[in-house]
Amino acid sequence: MKQEIYELFEKFTDGSSRWRDSVPGIEITRLRLHELAERSENQYYAIDLTTGRVLALDSERNAYEFRAPSKTES
């Protein structure tokens, strides 16, 4: 079983995003997102580029997951 690698991004108020880190596994990703969120009011999210799985923090800094739609979905 191949371990998931997540790319972490900071989303700014103008809608742009900036890469911040790469981390292995969902649990470490959640911890790292919370660490980053403590330093800034901006939003943070992580993407596993292999599976399309996304982990994001809402405005209350609660983590939630979703899968990005594939290019063939409307």
Net charge around Thr50, counting only other residues with Cβ within less than 9 Å of its Cβ (Lys, Arg = +1; Asp, Glu = -1)?
0
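Taking 2.2 N^0.38 Å as the expected size of a compact globular protein, what ratio does the Cα radius of gyration of region 1-50 give against it, to two decimals?
Details: Rg = 11.0 Å, N = 50, 2.2 N^0.38 = 9.7 Å.
Rg over 2.2 N^0.38 Å, computed on Cα atoms: 1.14.
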Sorted by mean Cβ packing within 10 Å, highest first, what order do the peptides 18-27, 37-46 take?
37-46, 18-27
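If you stretched the chain out fully between Ser22 and Val54, how much longer would it get, using 0.36 nm times the residue separation minus the C-alpha to C-alpha distance? Display every interim value, and only then the final one.
On the way: separation 32, 0.36 × 32 = 11.52 nm, distance 1.33 nm.
Gain in length upon complete extension: 10.2 nm.
Express the accessible area of region 1-44 per residue in Å², computed with a 1.4 Å probe while the remaining protein chains stay in the model.
Heavy-atom accessible area per residue stands at 71 Å².
The values are calculated or read from the model by the stated rules, or taken from the named source; none is laboratory data. Note that the structure is predicted; figures quoted are calculated from it, not measured. So basically every Cβ, Gly included, is an ideal-geometry build from the backbone, and we count neighbours across all protein chains shown. All accessible areas refer to the heavy atoms of the entire protein, side chains included, with ligands and DNA or RNA removed. Shrake-Rupley method; radii C 1.70, N 1.55, O 1.52, S 1.80 Å.
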